[in-house]
1. Is at least one residue of segment 156-164 out of contact with any Ser or Thr (no Cβ under 6 Å at 6 or more places or on another chain) and surrounded by 13 or more Cβ atoms within 10 Å (Cβ to Cβ)?
2. Sort out for me the helices (runs of 4 or more DSSP H) sitting completely within segment 62-180 that have 1 or more residues that are closer than 30 Å to LEU50 by Cα and not basic (Lys, Arg).
3. Among the numbered criteria (1) under 20 Å from GLY99 (Cβ atoms); (2) open to solvent by 80 Å² or more (accessible area, probe 1.4 Å), which single criterion is violated by ASP174?
4. Filter segment 104-122 for residues that are touching a Lys or Arg at 6+ places or on another chain (Cβ under 9 Å) and open to solvent by 50 Å² or more (accessible area, probe 1.4 Å) and give the result.
5. Given (1) in a helix (DSSP H, G or I); (2) closer than 30 Å to PRO146 by Cα; (3) modelled with pLDDT under 70, where does LEU17 come up short, assuming only one miss?
6. When you scan segment 181-190, how many residues do you find that are in a helix (DSSP H, G or I) and touching a strand residue (DSSP E or B) at 6+ places or on another chain (Cβ under 9 Å)?
7. Answer with yes or no whether ASN215 is open to solvent by 100 Å² or more (accessible area, probe 1.4 Å), in a loop (DSSP other than H, G, I, E, B) and free of Cβ contacts under 8 Å to residues at least 60 places away in the same chain.
8. Scan segment 81-96 for residues that are open to solvent by less than 50 Å² (accessible area, probe 1.4 Å) and at pLDDT 90 or above and jot them down.
Amino acid sequence: MDILNVILTSLLSVAALFLLAKIMGHRQISQLDLFDYIAGITIGSIAAELATELEHPWKPLIALLIYCGVTFGFSIITSKYPKLRKYINGTPTVIMDNGKLYRKNMKKAKLDLSEFMVMCREAGYFNLSDIQTAVFEYNGKLAILPVSDKRPMLPADNGIKPKQETISTEVIMDGRVMDENLKRMGLDDKWLQKQLEEQGFQSANEVFLGLCDTNHKLTLFNTDS
């Protein structure tokens, strides 16, 4: 009986975490600010307690709902009142600008010089002279603006205006035709079969992935590749 209760409370814990994560959104997964980080750790701890609480599982469940509500409430408050964001989330801090390092700002951001150098190298900047401005964001990431003559050349620099590229749509995934995607692009099975035969395939079953762009160009990846 105890084993069954553990299984049931564990499943309840997983279901509660999944639903709360969907409600709170992807911020709990990426770009964590200080409050999200604290809430994430606490919610995980409460969920672990919920999985093993056999007598009163509703207690940690209520705690989970409260933390979710508070986190959701803070996100609404910060979106409605942008001025409060700097008190809740913090503010970006300029670490370097125009060849000058700001030691006071580094102390304010709790960032030492070696950590700053590591973050620059991770961003692909091994020479600080290539950096015009470096900003330490409130989510703990370093945003870098390179010196103009050190950044990669863009088509606009040569007066070239390339055609805008768009995201390709999956029309075949793991041998299965994605009918809704195909219909949304104004295409049908006959068109797809013709394209498959032109590229040496008998059916969609032979294709691992098929991508179609807005120009109706179909790119196919063989299951053996």
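1. no
2. So the answer is 85-88.
3. (1) is the only condition that ASP174 fails.
4. Result: LEU113, single match.
5. (2)
6. Qualifying residue count for the region: 4.
7. When the stated conditions are applied, ASN215 passes them.
8. THR93, ILE95, MET96
The values are calculated or read from the model by the stated rules, or taken from the named source; none is laboratory data. Just so you know, these numbers come straight off a predicted model, no measurement behind them. No Cβ is skipped: glycine too gets one built from the backbone with ideal geometry, and neighbour counts run over all protein chains shown. Side chains included, ligands, DNA and RNA excluded: accessible areas come from the protein's heavy atoms. Shrake-Rupley method; radii C 1.70, N 1.55, O 1.52, S 1.80 Å.
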